[in-house]
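Undergrad: Before we start, here is the structure in question, set down as structure tokens.
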Amino acid sequence: MHAKQSPFVRENLRGAAETVWRAQAHLLSLQDQEEGYWWAELEANVTLTAEYIMLHFILGTHESRPIPKAARYILDRQLQNGAWELYWGDGGDLSTSVEAYMALKLAGYTADMEEMQRAREFIAARGGITRSRVFTKIHLALFGAYDWKGTPTLPAWFMLFPTWFPINIYDLASWARSSTVPFIIVLDKKPIYRPNPDFNVDELYAEGRDKARLALPDDGTLISRFLLGLDSVFKVSESAGVVPLRSRALRAAEEWIIARQEATGDWAGIIPAMLNSMLALHCLGYSPDHPVMRRGLEAMDRFGMDEGVTFHVQPCISPVWDTALAVIGLVDSGVPAESHEVRRAVDWLLSKQIFKFGDWSIKNRNGLPGGWAFEFYNDHYPDVDDTAAVVCALSRVKTLDEAYKREAMNAGIEWVLSMQSKNGGWGAFDVNNTKDFLNRVPYGDLKAMIDPPTADLTGRVLEMLGLTKYSAPESVVSRAIKFLRENQESEGCWYGRWGVNFLYGTSLVLSGLRHIGQDMSQPWINRAADWFRSVQNDDGGWGEDCESYKDLSKRGRGDSTPSQTGWALMGLMDSGDYDSDSVRRGIEFLVERQSRDGSWSEPHFTGTGFPRHFFINYHLYRNTFPLTALGRYFAHHGD
């Protein structure tokens with residue numbers, strides 16, 4: 001025990017210890033008993049379930065799928081004002097509501113039903129279909145509910161640009177690429193699938209469908225205007241039948257899609273890529289009974305959550321990520337590193353390492369495979385974040401074959417180092433994926449067409465290097481620290497690309513700096529710790545709303561949540577602060593809000609898919625991050 005402890009530390013130790021034991025027991029109860037991994041739900045908005053319904057009506061497979069249950073799920077999540085949310089507590093989102101309405105109408109709900117009337121009123125009040133996002137309009141156009149003329153043109157010949165060309169498909173982020181290649185086919189074919197001749201959602205046009213303005217997004221910049229002008233040229237060329245190398249390009253897109261299907265049927269490990277790939281192949285004449293389509297449909301079903309009365313689709317599944325975070329939380333809170341449960345989890349993680357060249361190798365010519373992906377199956381797309389997290393987890397444990405474990409860790413580390421971008425930071429799936437003008441193409445109104453380096457991933461990589469004591473070239477670390485210093489906000493915090501938001505980014509950066517051996521008393525680092533203390537809520541916790549991606553005045557501001565409180569506490573402790581009033585109050589917040597079964601409740605979405613446009617509630621975050629924070633506090637102050 002530390003020589004001097006204040007009364008509040010002794011009191012908190014008792015509460016924290018009991019909280020830790022309950023949290024450990026709860027987390028261990030969630031471990032898969034056969035294989036040893038953890039896997040919790042990823043909850044998103046209803047659009048993916050709506051698009052699931054749409055795809056099955058297009059394929060004609062809707063009668064063999066749980067469409068009524070999926071519709072019930074959508075209805076159950078409708079707000080009193082008639083809308084559907086982008087994330088919990090946002091009050092309603094236009095595009096999400098349009099897609100939900102469309103899916104319900106396909107499923108047999110009529111416009112005169114009370115729920116549909118309320119939805120229509122919300123949609124009309126916000127401008128109707130013409131104000132919705134591009135991808136929503138594309139999904140409506142597939143059913144003749146929107147004019148294809150109002151969607152972007154994506155010339156098929158884009159598929160044929162070589163990798164050395166200034167613009168090519170590998171300049172897009174992996175998630176954008178895995179959807180764009182299928183949409184090259186879809187936007188070329190412009191199919192219309194009507195469940196019946198009279199089907200429409202004309203009632204969702206606030207101005208009336210005959211007066212609808214078929215305009216593409218324009219952010220007012222010169223590059224946006226230029227790209228809109230190009231789109232007009234492409235449309236004229238397309239209407240005249242002048243599309244160079246069209247047949248060859250469509251064949252190349254088809255072959256690309258087929259080549260990237262996993263043996264299990266998955267594409268890129270994400271539902272949008274799976275939905276869009278099957279839609280594209282169907283446009284080319286593939287029937288639902290074709291082996292490629294059959295495997296794809298089976299894979300998509302595995303992403304579903306059947307809860308008896310309802311059915312919905314997750315955007316992705318996260319067993320590798322969840323398992324790495326669970327191992328870190330358990331070991332950091334005192335579960336023996338050589339315990340049976342931990343070893344089973346580690347053995348499973350080691351079995352998921354990827355030794356195949358994927359899309360990342362197109363721009364990374366020097367790296368050798370050795371990373372981990374997020375999902376059960378996704379060999380084409382390992383990512384830096386998962387790989388670094390897995391290596392961090394492995395570094396904490398002892399296995400029966402330590403030499404093999406070290407070889408696996410080294411392979412993962414070396415792959416991550418090969419993914420460092422020129423500016424010193426790391427992106428998720430690709431190296432130097434930084435052509436920002438691609439976010440302004442008419443097709444890319446989600447502003448998520450690229451995968452640039454970010455502070456949160458760079459912080460995690462530095463943590464990995466520090467924990468493993470890997471002898472990386474000095475230039476690797478110095479360039480990374482330079483990147484972090486250049487991207488620090490004036491308030492002292494860092495942007496979080498993959499978690500909401502500045503609380504997440506700042507926590508990971510401080511962890512990386514501490515583990516890599518930085519002097520944590522430096523003024524620029526102290527500013528980050530001071531920022532954490534400045535945004536603590538009156539209840540002792542921390543929280544940040546998803547709106548902080550749009551409104552910087554909301555940085556670090558929002559209702560307190562267990563996961564975000566865990567991030568803030570870990571950040572403060574990594575800065576060297578274990579004893580301040582802020583830390584004490586944060587610990588008390590977690591202790592007081594733990595449920596009797598050892599879990600925490602968290603309806604908030606604290607995971608980020610696409611900033612501003614897509615958020616996720618990781619159902620394991622509420623349990624792993626508080627446990628990790630409490631465990632580190634207890635380990636510092638306890639015996």
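Undergrad: Suppose every K and R has +1 on its Cβ and every D and E has -1 on its Cβ; what is the size of the dipole of the stretch 45-313 about the Cα centre, in Debye to the nearest 20?
TA: Roughly 680 debye for the stretch 45-313.
Undergrad: Also, I was wondering about something else. Taking neighbour Cβ counts within 10 Å as the exposure measure, how do ILE184, ILE354 sort from fewest upward?
TA: Taking fewest neighbouring Cβ atoms as first place, the list is ILE354, ILE184.
Undergrad: Counting only the backbone N, which residues of the stretch 563-591 are under 17 Å from the spot 7 Å out from the Cα of ALA635 toward its beta-carbon?
TA: Correct set: 566-579.
Undergrad: Okay, next question. When the chain is fully extended, how far beyond the present Cα-Cα distance does GLU402 get from ARG485, taking 0.36 nm per residue of separation?
TA: That pair, GLU402 and ARG485, stretches by 26.2 nm at full extension.
Undergrad: To continue, here is another question. Provide the per-residue ³J(HN,Hα) series for the stretch 629-635, in order, calculated from phi with Karplus coefficients 6.51, -1.76, 1.60 and θ = phi - 60°, each as a whole number of Hz, with x at glycine and proline positions.
TA: 5, 5, x, 5, 5, 5, 5
Undergrad: Tell me which of ALA345, MET573, ASN196 sits at the most positive position along the dipole axis of the chain, charges placed on C-beta atoms (Lys, Arg +1; Asp, Glu -1).
TA: ASN196
Undergrad: Apply the Karplus parameterisation 6.51 cos²θ - 1.76 cosθ + 1.60, with θ equal to phi minus 60°, to every residue of the stretch 261-276 and state each ³J(HN,Hα) to the nearest whole Hz, in sequence, with x for glycine and proline.
TA: In residue order, the calculated couplings are 7, 5, 4, 7, x, 6, 10, 6, x, 10, 4, x, 5, 5, 4, 5 Hz.
Undergrad: Could you tell me which of LEU216, ALA299, GLN80 has its Cα farthest along the dipole of the stretch 45-313 towards the positive end, charges placed at Cβ (Lys, Arg +1; Asp, Glu -1), taken about the Cα centre?
TA: Selected residue: LEU216.
Undergrad: Given the Cα-Cα distance of ASP198 and ARG612 and 0.36 nm per residue of separation, how much length would full extension add, in nm?
TA: Contour length minus the Cα-Cα distance gives 145.5 nm.
Undergrad: Starting from 0.36 nm per residue, how many nanometres of slack lie between PHE161 and ASP289 once their C-alpha separation is accounted for?
TA: 42.8 nm
Undergrad: Next question. Could you compute the FRET efficiency for LEU368 and THR110, with r as their C-beta to C-beta distance and R0 at 60 Å, rounded to 0.05?
TA: So, using R0 = 60 Å, E works out to roughly 0.55.
Undergrad: Given +1 on the Cβ of Lys and Arg, -1 on the Cβ of Asp and Glu, and no further charges, what dipole in debye does the stretch 6-81 carry about its Cα centre, rounded to the nearest 20?
TA: 280
Undergrad: In the chain, with Lys and Arg counted as +1 and Asp and Glu as -1 at Cβ, which of these residues, SER29, PRO603, GLY556, has the Cα nearest the positive end of the dipole, that is, farthest along it?
TA: After comparing all options, I get GLY556.
Undergrad: Enter the angle in degrees (range 0 to 90, nearest 10) between the Cα long axis of helix 47-59 and the first principal axis of the Cα atoms of the chain, meaning the one along which they spread out most.
TA: So the helix axis and the longest Cα principal axis differ by about 40 degrees.
Undergrad: Please give the FRET efficiency for ILE258 paired with ASP218, using the beta carbon to beta carbon distance and R0 = 35 Å, rounded to the nearest 0.05.
TA: 0.45
Undergrad: Could you grab the relative contact order for the stretch 45-313? Cα pairs under 8 Å, six or more apart, rounded to a whole percent.
TA: Averaging sequence separation for qualifying contacts and normalising by length gives 22 percent for the stretch 45-313.
Undergrad: What value, in deg cm²/dmol to 500, does the helix sum -39500 (n - 2.57) over DSSP H runs of n ≥ 4 give at 222 nm once divided by the residues of the chain?
TA: Value at 222 nm, helices only: -15000 deg cm²/dmol.
Undergrad: Here's something else I'd like to know. Over the chain, what is the mean sequence separation of C-alpha contacts under 8 Å (at least six apart), divided by residue count, expressed as relative contact order in percent?
TA: Contact order relative to length: 17 percent.
Undergrad: Amide H neighbours of TRP88 under 5 Å, at least 5 residues apart or on other chains, H built in the peptide plane: list them.
TA: The answer is PHE605.
Undergrad: Continuing with the same structure: What FRET efficiency comes out for the pair PHE437/LYS211, r = Cβ-Cβ distance, R0 = 30 Å, nearest 0.05?
TA: It comes out at approximately 0.35.
Undergrad: Over the Cα atoms of the stretch 45-313, how large are the radius of gyration and the largest Cα-Cα distance (Dmax), in Å?
TA: 18.6, 56
Undergrad: Then there is this: About the Cα centre of the chain, how large is the charge dipole given +1 on each Lys and Arg Cβ and -1 on each Asp and Glu Cβ? Please answer in debye to the nearest 20.
TA: 1420
Undergrad: List the pairs from LYS149/LYS190; LYS211/LYS235; LYS435/LYS550; LYS356/LYS398; LYS398/LYS469 whose alpha-carbon separation is above 19 Å, in the order I gave them.
TA: LYS211/LYS235; LYS435/LYS550; LYS356/LYS398
Undergrad: So, one more: Using the Karplus curve 6.51 cos²θ - 1.76 cosθ + 1.60 with θ = phi - 60°, work out ³J(HN,Hα) for each residue of the stretch 76-84 in order, rounded to whole Hz, and write x for Gly and Pro.
TA: For the stretch 76-84, the Karplus-derived couplings read 5, 9, 6, 7, 4, 7, x, 9, 10 Hz, x marking Gly and Pro.
Undergrad: Moving on. Using every Cα-Cα pair within the stretch 430-475, state what percent have a distance larger than 14 Å.
TA: 64
Undergrad: How far is helix 562-574 tilted off the main Cα axis of the chain, in degrees rounded to 10, range 0 to 90?
TA: 50
Undergrad: Another one. Please arrange PHE589, PHE376 by counting, for each residue, the other beta carbons lying within 10 Å of its beta carbon, fewest first.
TA: Least to most surrounded, the residues fall as PHE376, PHE589.
Undergrad: Let me ask another. Sort the stretch 284-370 into rounded, prolate or oblate with this rule: let a ≥ b ≥ c be the square roots of the eigenvalues of the Cα gyration tensor; rounded if a/c is under 1.5, and if a/c is not under 1.5, prolate when a/b is larger than b/c, oblate otherwise.
TA: Verdict is oblate for the stretch 284-370.
Undergrad: How many percent of the alpha carbon pairs in the chain exceed a separation of 31 Å?
TA: 52
Undergrad: Please give the Cα centre distance for the stretch 349-423 versus the stretch 271-346, rounded to the nearest Å.
TA: Centre-to-centre distance over Cα atoms comes out at 19 Å.
Undergrad: May I ask you to list the aspartates and glutamates whose Cα is less than 18 Å away from that of LYS482, ignoring any residue fewer than eight positions away on the same chain?
TA: ASP456, GLU463, GLU474, GLU491, ASP519
Undergrad: Quick check: net charge around CYS493, other residues with Cβ under 11 Å of its Cβ, Lys/Arg +1 and Asp/Glu -1?
TA: Around CYS493, the surrounding residues sum to -2.
Undergrad: Along Cα→Cβ, 7 Å out, is where each label goes; now give me the distance between the ones at LEU245 and GLN117 in nm to one decimal.
TA: Between LEU245 and GLN117, the simple spin-label model gives 5.6 nm.
Undergrad: Going by amide H atoms built from the backbone, whose H comes under 5 Å of the H on GLY609, apart from near neighbours?
TA: PHE614, PHE615, ILE616
No lab work stands behind these numbers, since they all come straight from the coordinates. Being a predicted model, the structure only gives us computed values, none of them experimental. Ideal geometry is used to build each Cβ from the backbone, glycine not excepted, and the neighbour counts take in all protein chains shown.
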